[in-house]
Amino acid sequence: AKKYASWNWAKGISYSRLLAAKLRHTFAINRGERIDPESGLPHINHVGCCWMFLSHMMAVRQDMDDLPKRKDNGSLDAAS
């Protein structure tokens, strides 16, 4: 609540940003850190929040999809 305005997430968050945050918090847990020093909240809560935001964005905000795309042959699309 101190870092972001209310409903700030509803404006849209890129998929890559949400995935990166989810991974940062997951890796912190994996290193043995349970509480996020910035927020004072458990990292697992941040993981859950990132997952829910990403799930929502994937359902209703495809315009926020900045992830690399794969071609039918499995190669990475250089244009993505």
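For the chain, adding -39500 (n - 2.57) for each run of n ≥ 4 DSSP H residues and dividing by the number of residues yields -14000 deg cm²/dmol at 222 nm.
Let's test the formula: R0 of 25 Å, r as the Cβ-Cβ distance of ALA59 and SER14. What FRET efficiency results, to the nearest 0.05?
For ALA59 and SER14, the calculated efficiency is 0.95.
Here the chain has 58 percent of its accessible surface on carbon and sulfur atoms, given a 1.4 Å probe and all protein chains in place.
Residue order by solvent-accessible surface for ILE13, ILE29 is ILE29, ILE13, largest first, with ligands and nucleic acids left out and a 1.4 Å probe. To the nearest 10, the accessible area of SER16 is 50 Å² with a 1.4 Å probe. Computed over protein heavy atoms with a 1.4 angstrom probe, the accessible surface ordering of MET57, MET64, largest first, is MET64, MET57.
How many lysine pairs in the chain, separated by 8 or more positions in sequence or lying on different chains, have Cα atoms less than 21 Å apart? So the count works out to 6.
Tell me the angle of helix 43-60 to the major Cα principal axis of the chain, expressed in degrees between 0 and 90 and rounded to the nearest ten. Helix 43-60 and the main axis of the chain meet at about 30 degrees. For mean projected area of the Cα convex hull in nm², computed directly from the structure shown, the correct entry in (1) 7.0; (2) 4.9; (3) 6.7 is (3). Solvent-accessible surface of the chain, averaged per residue with a 1.4 angstrom probe and all protein chains in place: 76 square angstrom.
The values are calculated or read from the model by the stated rules, or taken from the named source; none is laboratory data. What you see is a predicted model; the values in this text were computed from it and never measured. Glycine gets a Cβ as well: all are built from the backbone with ideal geometry, and neighbour counts include every protein chain shown. Just the protein is used for accessible areas: all its heavy atoms, side chains included, with ligands, DNA and RNA removed. Shrake-Rupley method; radii C 1.70, N 1.55, O 1.52, S 1.80 Å.
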